[in-house]
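Written out below as structure tokens is the structure these notes cover.
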Amino acid sequence: MSNTENWPACIIFDLDGTLVHSAPDLATALNLVLDMEGQKPLEVDEVALMIGAGVPKLIERGFTARGITLDQAKIEELTKPFLEYYDAHATDLTKLYDGAEEILKHYADSPMKIAICTNKPTEAARIILADLGVADYFDVIMGGSSGFPKKPDPQVVHACMKEMGVDSSNCIYVGDSETDVLTARNSELPILVVPYGYTAAKPEDLKADGVIQNLRDIPEGIEALKAKV
């Protein structure tokens, strides 16, 4: 970590459960494929805790919750109708979290580079951010269809940083879950977490470098990180 007053030069954000509350639309798409297989729907709160590892894993977890183990071929078969529906309805109910647009605009108007690194397919992430009016704030939007292994593998984060011309010495990560903390650790980045995301764990149990109550608090969270050096 650099000690300069201009640190960090970049913030990488997770998407689902961090910047956007997307669980209602994801639950609708998941329940669509569950219904196709004659299974009862899941509640949004149940689905929220399954989000974060990409669509195939969400489908796998949804069927596991109904006592069904799917093989890889079946997961791939169900991923197609899931994405066909989801891409057309990705923002029917999805909303930005409080403070998200404000902080993104704040950093977009500054020298800070900001990026999205998500396990959601890149096109779906772009659709959501465009529909919510914030896509243009980001220097890079990189999703699970980018050709790199999904988070918490660090390769996608490294690619994100490379595209922006930054490295782990001048970048931080903002997320909401165990996957995000592992991603940050594997990428050698400090991480701030929000307490409202898609995990059953308490914020203090995630062992992040800091907890912010609202995305507006990122500047204060960064100052707290600097004080730890």
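Here is a yes/no grid of residues against (1) in contact with a Leu (Cβ under 6 Å, 6 or more places away or on another chain); (2) among the basic types (Lys, Arg):
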{"residue": "Glu123", "(1), (2)": "no, no"}
{"residue": "Ala135", "(1), (2)": "yes, no"}
{"residue": "Asp139", "(1), (2)": "no, no"}
{"residue": "Gly165", "(1), (2)": "no, no"}
{"residue": "Lys207", "(1), (2)": "no, yes"}
{"residue": "Asp217", "(1), (2)": "no, no"}
Identify all residues within the stretch 1-34 that are over 15 Å from Gly175 (Cβ atoms) and not in a loop (DSSP other than H, G, I, E, B); write none if there are none. Ala23, Pro24, Asp25, Leu26, Ala27, Thr28, Ala29, Leu30, Asn31, Leu32, Val33, Leu34
Asp205 fails exactly one of the following numbered conditions: (1) buried (at least 21 other Cβ atoms within 10 Å of the Cβ); (2) modelled with pLDDT under 95. What is the number of that condition? (1)
Some residue of the stretch 165-182 being over 18 Å from Ala208 (Cβ atoms), out of contact with any Pro (no Cβ under 7 Å at 6 or more places or on another chain), buried (at least 17 other Cβ atoms within 10 Å of the Cβ) and not assigned by TED's automatic domain parsing to the domain that holds Gly52: yes
Confirm whether Ala124 is part of a helix (DSSP H, G or I) and within 14 Å of the chain's Cα centre (by Cα). yes
When you scan the stretch 186-202, how many residues do you find that are touching a residue at least 24 places away in the same chain (Cβ under 8 Å) and either outside any loop (DSSP other than H, G, I, E, B) or touching a Phe, Trp or Tyr at 6+ places or on another chain (Cβ under 6 Å) (or both)? 3
Quick check: anything in the stretch 101-111 among the hydroxyl-bearing types (Ser, Thr, Tyr) and over 21 Å from Gly197 (Cβ atoms)? yes
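Determine, yes or no, whether Met112 is more than 18 Å from the chain's Cα centre (by Cα), within 26 Å of Leu182 (Cα to Cα) and surrounded by fewer than 18 Cβ atoms within 10 Å (Cβ to Cβ).
So Met112 passes the test.
Among the residues of the stretch 33-68, write down those that are on the phi > 0 side of the Ramachandran plot and modelled with pLDDT under 95.
Correct list: Gly52, Gly54.
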The conditions are (1) crowded, with 22+ Cβ neighbours inside 10 Å; (2) modelled with pLDDT of 95 or more, and Tyr137 fails exactly one of them. Which is it? (1)
For the stretch 98-109 the number of residues that are part of a loop (DSSP other than H, G, I, E, B) and either surrounded by 17 or more Cβ atoms within 10 Å (Cβ to Cβ) or without any contact (Cβ under 8 Å) to a residue 12 or more places away in the chain (or both) is 2
I'd like to check something: does the stretch 156-175 contain any residue that is at pLDDT below 95, under 19 Å from Ser22 (Cα atoms) and charged (D, E, K, R)? no
Can you tell me how many residues in the stretch 63-95 are out of contact with any strand residue (DSSP E or B) (no Cβ under 7 Å at 6 or more places or on another chain), of a type outside the set (Phe, Trp, Tyr) and under 20 Å from Ile128 (Cβ atoms)? 12
Considering only the stretch 35-76, how many residues are among the aliphatic types (A, V, I, L, M), farther than 13 Å from Tyr198 by Cβ, assigned to a helix (DSSP H, G or I) and in contact with a helix residue (DSSP H, G or I) (Cβ under 6 Å, 6 or more places away or on another chain)? 3
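The values are calculated or read from the model by the stated rules, or taken from the named source; none is laboratory data. Model, not experiment: these values are computed from the prediction. Cβ coordinates were reconstructed from backbone atoms using ideal geometry, including for glycine residues, and neighbour counts include every protein chain displayed.
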